[in-house]
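Visitor: Got a structure for you, questions after.
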Amino acid sequence: MSRDIYESPLSSRYADKEMKYLFSPDMKFRTWRKLWIALAESEMELGLDTIKPEMIDELKANQDNINYDVAEEREKIVRHDVMSHVYAYGVQCPKAKGIIHLGATSCYVGDNTDIIIMTEALKVIQKKLVGVIRNLSAFADKYKSLPTLAFTHFQPAQPTTVGKRAALWIQEFLMDLEDVEYQLSKAKLLGSKGTTGTQASFLELFEGNHEKVKALDQKIAEKMGFKSCFAVSGQTYSRKLDSQMLNILAGIAQSAAKFSNDIRLLQHLREIEEPFEKNQIGSSAMAYKRNPMRSERIASLSRYVMVDVLNGYITTATQWFERTLDDSANKRISIPEGFLATDAILNLLLNVTDGLVVYPKVIEQRLRKELPFMATENIMMDTVKYRGGDRQVLHEKIREHSMAASRAIKVEGKENDLMERIANDEAFGMTLEELNALLSPEKYVGRAPEQTEEFLNITVKNALAPYNNMETEKAEINV
């Protein structure tokens, strides 16, 4: 590790080795060579006599033996990275050097490689996203029937269950998974389109044979593991693809930020906490603190990814005709950093969702303090139904008693005595024992347990079925 130059924290602190390698120079230049082999081999298979089998064999023999020193020295002279690597490859392959990159423009290797790397990176994201959903599904199933106070506007509302709340988190991550799957299902290469996308150079190579030019695209796609290429393009693939990729990452960031905010609030309430390791320090000043550091980091990185998506939008919108170069410097930063940051977010999510700590007694205590207010509708209905009460009169009395009880809690610091107030009101005709019998939390969660179980057993199970043989990632948090 060098300490005298800037290094992105996404690389040094947060992202995993697998994702970092995908955006490394080595991955890029190895992919360039695979693309040059695919191009030459396809051209030969389509009858281009200039290219011989021994040339292809020579290219394949040196595919992974990249002479970086030669390429770097050459780039100092010609100031062109693609031509420098064409030259370096030719040094190793004297028989084939004349046919490397034949008919192609720089975007043949540059753009196709970008698509390949983004596609592979999205598969890594997919794998980790599945792991997060699995972790949360196990959590939701375990706590599907545990009543908890639900909030609207962060004000006490009707009860739900801990598992049902987790189902809401899962649902958003499932929406993200659907987006990932859709994007992967329609993945296409740029192919071999030439300087302005007209394939003129390849039409010249194949002496005006349009079918062979079309077949060249398809052959290259298949050799590189894709089903097809974009039907039309300028010199580059549409930068809208970058926007779509960043959109997906920003969607995951939104879901992650929502989850992390909920966990931070729950940790403040002491109801649920993120994992806290034995020797972890929560604060340099306050030794007793257990700060939700990982959830805060999720929120922080998610904010970055949600903003990063604007790079794709603006770059796509400002491309001129068949090609400009104001995309290049931006893409070199926004795309890798977006994927690295999302990888880091998912690593944190895998860790947090696998070790959430629940405190049922605290949850029950808070719920019971608010439950008398929530039971008033049932009390009112029972009084009307079984004791002949007047619904409108009872509603007004409950309003008055509730306001008085609330004032006693907030102003005088007393316990909630709403049930005692109602028991002492002859209009209700109910004893304190009868009223307290109505305060079982399970009576007020509606279908939350059933909703959660149905959601897990149908929606989640079906969504995860294609991944049954995929192992769940175990993330290592570096800091």
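The values are calculated or read from the model by the stated rules, or taken from the named source; none is laboratory data. Please read all numbers here as calculations on a predicted model, not as lab measurements. Here Cβ is always computed from backbone atoms with ideal geometry, including for glycine, and neighbour counts include all displayed protein chains.
Visitor: Can you tell me which residue is surrounded by the most Cβ atoms within 10 Å (Cβ to Cβ) among those in the stretch 9-41 that are polar (S, T, N, Q) and under 20 Å from Leu122 (Cβ atoms)? Reasoning before the result, please.
Guide: Step one: filter the stretch 9-41 for residues polar (S, T, N, Q), giving 11-12, 24, 31.
Those still in the list that are under 20 Å from Leu122 (Cβ atoms) too: 11, 24, 31.
Working: Ser11: 16, Ser24: 15, Thr31: 20.
Top of the filtered list is Thr31.
Visitor: Is one or more of the residues making up the stretch 322-330 touching a residue at least 60 places away in the same chain (Cβ under 8 Å) and under 16 Å from Glu274 (Cα atoms)? Let's see the steps before the verdict.
Guide: First, pick out the residues of the stretch 322-330 that are touching a residue at least 60 places away in the same chain (Cβ under 8 Å): 322-323, 327.
Pick out the ones that are also under 16 Å from Glu274 (Cα atoms) and you get none.
Checked against the condition, which is being touching a residue at least 60 places away in the same chain (Cβ under 8 Å) and under 16 Å from Glu274 (Cα atoms), the stretch 322-330 yields no hits at all.
Visitor: Next question. Quick check on the stretch 446-479: of everything there that is of a type in the set (A, V, I, L, M, F, W, C) and at pLDDT below 95, which residue is surrounded by the most Cβ atoms within 10 Å (Cβ to Cβ)? Show your work before the answer.
Guide: Residues of the stretch 446-479 that are of a type in the set (A, V, I, L, M, F, W, C), as a first pass: 448, 455-456, 458, 460, 463-465, 470, 475, 477, 479.
After this cut, where a residue has to be at pLDDT below 95 as well, the list is 470, 475, 477, 479.
Details: Met470: 13, Ala475: 21, Ile477: 17, Val479: 9.
Within the stretch 446-479, the match that is surrounded by the most Cβ atoms within 10 Å (Cβ to Cβ) is Ala475.
Visitor: Ok, one more. State which residue is farthest from the chain's Cα centre (by Cα) when the search covers only the stretch 369-397 and only residues that are closer than 16 Å to Pro156 by Cβ and surrounded by 15 or more Cβ atoms within 10 Å (Cβ to Cβ).
Guide: To start, the set of residues in the stretch 369-397 that are closer than 16 Å to Pro156 by Cβ comprises 369-377.
From what's left, surrounded by 15 or more Cβ atoms within 10 Å (Cβ to Cβ): 370-376.
Values: Glu370: 36, Leu371: 37, Pro372: 40, Phe373: 39, Met374: 37, Ala375: 40, Thr376: 42 Å.
Only one residue tops the list, namely Thr376.
To keep it simple, each residue is scored yes or no on (1) free of Cβ contacts under 8 Å to residues at least 12 places away in the same chain; (2) farther than 25 Å from Thr198 by Cβ; (3) among the basic types (Lys, Arg).
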residue: Tyr21; (1), (2), (3): yes, yes, no
residue: Ser24; (1), (2), (3): yes, yes, no
residue: Arg33; (1), (2), (3): no, yes, yes
residue: Glu41; (1), (2), (3): no, no, no
residue: Arg79; (1), (2), (3): yes, yes, yes
residue: Ala96; (1), (2), (3): no, yes, no
residue: Ile100; (1), (2), (3): no, no, no
residue: Thr105; (1), (2), (3): no, no, no
residue: Asp114; (1), (2), (3): no, no, no
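Visitor: If the Cβ limit is 9 Å and pairs must be 6+ apart or interchain, which residue in the stretch 211-235 that is among the polar types (S, T, N, Q) and modelled with pLDDT of 95 or more pairs with which residue that is part of a helix (DSSP H, G or I) and buried (at least 20 other Cβ atoms within 10 Å of the Cβ)?
Guide: Correct list of pairs: Gln218/Ser42; Ser228/Asp217; Ser228/Ala221; Ser233/Cys107; Ser233/Asp111; Gln235/Cys107; Gln235/Asp111.
Visitor: Sort through Lys76, Lys60 and tell me the only one that's over 39 Å from the mean Cα position of the chain (by Cα) and not assigned by TED's automatic domain parsing to the domain that holds Thr324. Before the answer, list the steps.
Guide: Details: Lys60 fails: over 39 Å from the mean Cα position of the chain (by Cα).
Lys76 is the lone residue from the list that is over 39 Å from the mean Cα position of the chain (by Cα) and not assigned by TED's automatic domain parsing to the domain that holds Thr324.
Visitor: Gly355 passes all but one of (1) part of a helix (DSSP H, G or I); (2) more than 24 Å from Thr316 (Cβ to Cβ); which number fails?
Guide: All conditions pass for Gly355, except number (1).
Visitor: Would you mind finding the one in Ala140, Ala166, Ala187, Ala121 that is buried (at least 17 other Cβ atoms within 10 Å of the Cβ) and assigned to a loop (DSSP other than H, G, I, E, B)? Give the derivation first.
Guide: Values: Ala140 fails: assigned to a loop (DSSP other than H, G, I, E, B); Ala166 fails: assigned to a loop (DSSP other than H, G, I, E, B); Ala121 fails: assigned to a loop (DSSP other than H, G, I, E, B).
Exactly one of Ala140, Ala166, Ala187, Ala121 is buried (at least 17 other Cβ atoms within 10 Å of the Cβ) and assigned to a loop (DSSP other than H, G, I, E, B), namely Ala187.
Visitor: Here are Lys414, Lys474, Lys443, Lys410: which of them is within 26 Å of Glu364 (Cβ to Cβ) and not in a helix (DSSP H, G or I)?
Guide: Numbers: Lys474 fails: within 26 Å of Glu364 (Cβ to Cβ); Lys443 fails: not in a helix (DSSP H, G or I); Lys410 fails: not in a helix (DSSP H, G or I).
None of the others qualify; the one that does is Lys414.
Visitor: Scan the stretch 251-278 for residues that are closer than 19 Å to Lys142 by Cβ and not in a loop (DSSP other than H, G, I, E, B) and report the count.
Guide: 7
Visitor: Take the conditions surrounded by 20 or more Cβ atoms within 10 Å (Cβ to Cβ), touching a helix residue (DSSP H, G or I) at 6+ places or on another chain (Cβ under 7 Å), at pLDDT 95 or above and of a type in the set (Val, Ile, Thr) and apply them to Val352. Does it pass?
Guide: Values: surrounded by 20 or more Cβ atoms within 10 Å (Cβ to Cβ): yes; touching a helix residue (DSSP H, G or I) at 6+ places or on another chain (Cβ under 7 Å): yes; at pLDDT 95 or above: yes; of a type in the set (Val, Ile, Thr): yes.
Yes, satisfied.
Visitor: Then there is this: Is it the case, given these coordinates, that Gln92 is of a type in the set (S, T, N, Q), modelled with pLDDT of 95 or more and within 38 Å of the chain's Cα centre (by Cα)?
Guide: Details: of a type in the set (S, T, N, Q): yes; modelled with pLDDT of 95 or more: yes; within 38 Å of the chain's Cα centre (by Cα): no.
Spelling it out, it is not the case that Gln92 is of a type in the set (S, T, N, Q), modelled with pLDDT of 95 or more and within 38 Å of the chain's Cα centre (by Cα).
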